[in-house]
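Have a look at the structure below before the remarks.
The values are calculated or read from the model by the stated rules, or taken from the named source; none is laboratory data. All figures in this text were calculated on a predicted structure; none of them were measured in a lab. Neighbour counts run over all protein chains shown; Cβ positions are idealised from the backbone, glycine included. Heavy atoms of the whole protein, side chains included, go into the accessibility calculation; ligands, DNA and RNA do not. Shrake-Rupley method; radii C 1.70, N 1.55, O 1.52, S 1.80 Å.
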Amino acid sequence: MPVVELPVTSSTYFIYRTQLSIISHEIVTQLYCAATIKEKWSEVQDTIRTIARKLFTWRDSLPKEFDITFDTWTEPEWNDPYTLPRIGHAMFFKLDNQSQLSKDFEQEAVENCIHSARKMISLLSWNAKSKTKFYAIPPWWHTLHYLCEALSVLMLEMAFEAQHLANESADILADAKKGIYWLAMLSTGSIAARKAWEIFET
């Protein structure tokens with residue numbers, strides 16, 4: 001994290017985005033790798049906690065112009081030059097026998113995952129009125145990837161009959177329908193979006 005307060009510029013945005021990318025790299029190399037299956041589940045949980053602390057430290061270090069804790073259910077002020085960078089940061093920030101502590105940890109992790117997916121849908125909904133607006137969120141080439149990740153989480157939770165968040169089942173279904181509708185909209189001009197739409201539609 002920057003050791004001194006930096007002026008808010010496009011270069012500052014790049015610095016914070018690079019820091020988040022480094023943490024993302026840790027997630028891929030320490031959690032989503034073949035070596036993880038050789039580790040004890042308690043060790044994997046410790047790794048998750050360590051990375052989570054880094055993520056929250058990063059989030060708390062952001063200047064107010066890049067704050068990602070804004071209300072995701074209210075449409076932002078689009079004339080604000082920092083709106084799109086903030087959304088870009090927010091989207092990238094949002095992946096037997098056990099003890100009760102382990103079970104609580106897993107339930108919390110599942111709930112966080114589902115809520116992150118729902119927030120992603122909410123963030124995308126601001127721009128989902130047209131393909132042009134939909135791709136206005138930087139970086140545009142990641143938008144489809146973010147949407148499919150969020151949809152995968154929501155569809156899995158529905159496949160489990162919303163057993164983790166039963167009180168939000170209707171909202172989860174509504175968000176999933178939004179995501180599939182957007183894929184259908186994007187599919188007219190994108191082969192990748194069409195393939196994704198066909199997968200989620202089946």
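A single member of Ile22, Ile51 is modelled with pLDDT of 85 or more, β-branched (Val, Ile, Thr) and open to solvent by less than 40 Å² (accessible area, probe 1.4 Å), and it is Ile51. Of all residues in the range 1-19, those being modelled with pLDDT of 85 or more, surrounded by 13 or more Cβ atoms within 10 Å (Cβ to Cβ) and among the aromatic types (Phe, Trp, Tyr) number 1. The residues listed here are Trp41, Trp58, Trp78; of these, the one that is modelled with pLDDT of 80 or more and surrounded by 11 or more Cβ atoms within 10 Å (Cβ to Cβ) is Trp58.
Scanning the range 158-193 for residues that are open to solvent by 90 Å² or more (accessible area, probe 1.4 Å), over 18 Å from Leu124 (Cβ atoms) and not polar (S, T, N, Q) returns Phe160, Glu161, Ile191.
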